[in-house]
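The values are calculated or read from the model by the stated rules, or taken from the named source; none is laboratory data. Remember, predicted model here, so these are calculated numbers, not experimental data. Every residue, glycine among them, receives a Cβ derived from its backbone with ideal geometry; neighbour counts consider all protein chains shown. Heads up: the accessible areas ignore ligands, DNA and RNA and are worked out on the full protein's heavy atoms, side chains in. Shrake-Rupley method; radii C 1.70, N 1.55, O 1.52, S 1.80 Å.
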Amino acid sequence: MPNEQALLNMVFLPSLASPHRTIPGMLVLIALAAIPCKPIHAAAFPNSAEVDVCVYGATPSGILAAIAVKREKRSVVIVEPGRWVGGMLGAGLKPLQDCPNFAATGGMTHKILPNLGASAPTLVESSLGSLNPKAIREDFLALLQEHDIKVIYDHRIASCELQRGAIKTAIFDLAPFDELGCPIARPKERSHLRVTAKVFIDASYEGDLMAPSGVPFRVGREAESEFDEALAGVREPMEIASLDPFVEPGNPDSGLLNWVENDHGKRIGSADEYTQAYNYRYYTTSDPEHRVPLTPAQDYDPAEFELVGRYVKHLAQTIDDPERLHRSLVAIFPGWKNDGEWNYQRSSLFSMSPLGISHLYAGGDYAAKARVWKQHQDYLRGIHHFMSTDRRVPESYRQEVAKLGLDRRAHPDTGGWPAQLYIRVSRRLNGQYTITSHDVYNRRQVDDPIGLAQYGIDTYPARRIWGRGAEGRTWVGIEGKMFVGGDKGPTNVPYPISYRAITPRKGDCTNLLVPVCFSASHLGYASARMEPVFMICGESAGIAACRAIEEDASVQDIDAKKYQAALVAAGQKLEWDPEKDVAPTRNRDRRTYSRLLAEADRDGDKAVSKSEWDTGKPGFEWLFAKIDRNQDGNLSEEEYKLFQKYKASYSDWAKRLKQ
């Protein structure tokens with residue numbers, strides 16, 4: 001396989017004279033290893049192009065959309081804000097990580113997904129082989145080369161020119177990401193590129209093309225009442241710890257410490273502007289050969305992490321078991337080890353990413369986005385330094401953390417930093433059909449499916465707030481996390497994605513398709529937001545774009561029967577037939593008693609005691625007494641099965657049991 005640099009050098013920029021012709025020698029400028037990205041001057045390549053379809057974002061969804069267009073012998077160009085391809089699959093996520101039911105995938109996704117990165121050596125040992133993100137990016141580049149698809153890098157959308165309810169031309173600024181893979185606040189050159197197309201596909205994680213087109217969108221969390229969703233809106237605080245949140249302990253007038261905020265006071269189930277946490281999915285190593293030092297930012301101040309220090313002290317004072325204390329410290333930094341890479345640990349009051357700022361990115365301008373992205377980088381650098389230097393952290397763990405640095409092998413041209421922050425949700429189209437939790441529970445039917453989705457309602461915390469208990473003692477907790485149904489979802493049955501969910505209302509825009517930031521509620525998107533679904537929707541969007549051009553119709557008015565036939569011909573899986581299709585079993589599910597024994601039965605007596613439960617299930621110590629029906633101090637298989645049956649019956653099981 002050619003390496004990433006060689007493949008990047010094969011991707012030419014389109015000519016002004018013809019969207020199908022390339023100009024020899026006109027190559028994308030790529031940053032190597034520690035060399036900062038150099039801006040591309042206006043004279044270096046043509047500043048306009050005219051194509052049938054313009055795709056914004058070289059995400060997996062955008063790449064499959066472009067391939068679908070090219071397969072129909074239509075001209076297409078991808079405009080990518082960064083200088084990398086593959087989105088989150090090229091930045092730490094594994095192709096099959098969020099695909100609990102491979103049988104529910106179809107089209108190119110079904111063919112491509114298992115093979116991405118699979119031919120390259122793994123980065124570290126893990127259950128999914130810890131595929132190297134660099135190898136996945138190379139595979140996506142090879143696909144682009146195979147289909148002769150042109151990518152224009154380093155350009156972000158600035159504005160749209162509209163004509164009779166359609167986007168005529170998209171105008172892009174030249175704004176290369178910095179040397180560590182972060183977007184910049186101000187572009188190098190404004191209005192540097194113009195692309196005119198018949199159909200536009202916004203495959204970005206932010207909906208940044210959708211926004212300047214004038215299409216309405218959502219940001220934040222809807223109220224329970226808007227779509228009759230029981231778990232929507234503001235939720236109860238969780239992972240509560242008895243901590244003082246004030247700069248001067250006991251003195252509210254001294255102000256709050258960093259990374260905690262006042263509760264906005266909205267009732268449970270109310271709408272608000274907050275959205276779930278973002279984070280890097282990053283690799284670390286202690287091997288000097290591959291380690292890139294994690295150094296704090298120049299303006300690092302340990303006071304920023306004072307509340308983390310108080311939490312560490314709280315953990316040390318309340319946890320007697322050394323192994324459990326160690327796991328609790330790992331949860332703070334580096335986080336939760338998913339499949340070789342680190343992720344946010346939502347069972348901890350603190351983890352490796354900041355809370356309470358993702359909503360500023362979701363609806364913010366480019367300056368806000370650059371600031372929030374860099375805050376995530378600086379927070380990770382800062383908490384690493386804090387956990388390796390603050391004396392409240394046990395010395396042995398300080399030494400352990402100090403040895404860790406970023407693993408340069410995954411991201412050699414950005415100093416080990418992933419070039420894509422995990423934007424779990426941003427803007428969401430307010431379109432013709434809104435995916436909600438009722439879709440996830442298979443309570444709705446659609447007559448225009450473009451693919452299937454299956455995953456639990458999966459949200460990470462949105463806020464960290466403080467309050468006072470009945471006795472006036474202060475506490476700090478997080479709010480907004482849930483994982484309803486686990487990875488296979490609450491019914492273990494896939495649900496269809498409606499074509500109307502990726503199309504605006506006809507009165508809003510007639511030639512835009514949105515296969516990533518599609519129309520969904522906060523809860524609906526929390527399930528459907530997985531990369532395999534984005535890929536399926538991307539291919540279906542590319543097919544729809546070609547149908548609209550062929551029929552000289554708006555994307556809303558394409559012939560439904562011909563479109564469905566084209567999807568079937570492409571191999572898309574549009575229905576789940578319980579009589580023929582077989583969902584994966586839950587034999588690997590954490591809900592089985594054998595899995596519980598593997599996690600917690602330390603003395604091998606085939607039962608789980610209170611101390612074993614507390615060690616194996618940190619954060620759920622309160623739950624033991626609820627499951628132990630006969631109060632003998634041990635959990636039997638029958639007791640655990642009864643609990644799981646109760647849990648499956650009530651999505652708000654934790655709230656009910658705590659009452």
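If the chain linking Leu360 and Lys658 were pulled fully straight, counting 0.36 nm for each residue of separation and taking away their Cα-Cα distance, it would gain 104.0 nm. The distance from the alpha carbon centre of region 517-541 to that of region 257-325 is 29 Å, rounded to a whole number. Annotation: Thr414 carries an accessible surface of approximately 0 Å², with a 1.4 Å probe and no ligand, DNA or RNA atoms counted. Is the shape of region 155-274 best called rounded, prolate or oblate, per the rule: a/c under 1.5 gives rounded, else a/b larger than b/c gives prolate, else oblate, with a ≥ b ≥ c the square roots of the Cα gyration tensor eigenvalues? Cα axes put region 155-274 in the oblate bin. Here Lys70 is the anchor, and the aspartates and glutamates within straight C-alpha reach of less than 12 Å, apart from those fewer than 8 places off in the same chain, are Asp52, Glu146, Asp148, Glu539. The simple Förster model, with R0 at 51 Å and r as the Cβ-Cβ distance, assigns Lys73 and Ile268 a FRET efficiency of 0.40.
Highest mean first, how do 620-628, 317-325 rank when packing is the count of other Cβ atoms within 10 Å averaged over residues? Numbers along the way, then the final one.
Values: 620-628: 15.8, 317-325: 13.0.
Going by the mean number of other Cβ atoms within 10 Å, highest first, we get 620-628, 317-325.
Spatially, region 414-458 and region 201-225 are offset by 12 Å when compared through their Cα centroids. Between Glu575 and Ala368, the contour length at 0.36 nm per residue exceeds the Cα-Cα span by 70.4 nm. For the chain, the residue among Ala203, His192, Gly604 whose Cα projects farthest onto the positive side of the dipole built from Cβ charges is His192.
Sorting check: for 131-143, 552-564, which peptide has the highest mean count of neighbouring beta carbons within 10 Å, and how do the rest follow?
Details: 131-143: 24.3, 552-564: 15.5.
Going by the mean number of other Cβ atoms within 10 Å, highest first, we get 131-143, 552-564.
Strictly over 31 Å apart at the Cα level, which of Lys150/Lys374; Lys337/Lys488; Lys198/Lys481; Lys369/Lys647; Lys488/Lys606; Lys481/Lys641 would you flag in this model?
Over 31 Å Cα-Cα: Lys198/Lys481; Lys369/Lys647.
Excluding residues fewer than 8 places away in the same chain, name every one of the aspartates and glutamates whose C-alpha is closer than 20 Å to that of Lys266. Here the aspartates and glutamates satisfying the reach criterion relative to Lys266 are Glu222, Glu224, Glu226, Asp228, Glu229, Glu236, Glu239, Glu479, Asp652.
Percent of Cα pairs in region 476-582 per distance bin of 5 Å, from zero to the largest separation: 2, 10, 19, 20, 18, 13, 8, 5, 2, 1, 1, 0. When Rg and the Kirkwood radius Rh are both evaluated on Cα atoms of region 473-529, their ratio Rg/Rh stands at 1.17. Which of rounded, prolate or oblate describes the chain when judged by the alpha-carbon gyration tensor and an a/c cut-off of 1.5? Because a/c hits 1.5 or more and a/b exceeds b/c, the chain counts as prolate. Taking all Cα pairs closer than 8 Å and separated by 6 or more residues, the relative contact order of region 206-364 comes to 27 percent. For the listed peptides 252-263, 298-309, a ranking on the average number of other beta carbons within 10 Å per residue, highest first, reads 298-309, 252-263.
With viscosity set to 0.890 mPa s at 25 °C, what whole-number translational diffusion coefficient in µm²/s follows for region 206-248 from Stokes-Einstein and a Kirkwood radius over Cα pairs? Each step should come with its number before you reach the end.
Numbers: Rh = 14.3 Å.
For the chosen part, D equals 171 µm²/s.
The alpha carbon gyration tensor of region 217-285 gives principal lengths a ≥ b ≥ c with a/c of 1.5 or higher and a/b no greater than b/c, which makes the shape oblate. The label point for Ser159 and the one for Ala142, both projected 7 Å from the Cα toward the Cβ, are 4.3 nm apart.
If you bin all the Cα-Cα distances of region 198-347 at 5 Å, starting from zero, the percentages per bin are 2, 6, 10, 13, 15, 17, 15, 11, 7, 4, 1, 0, 0, 0.
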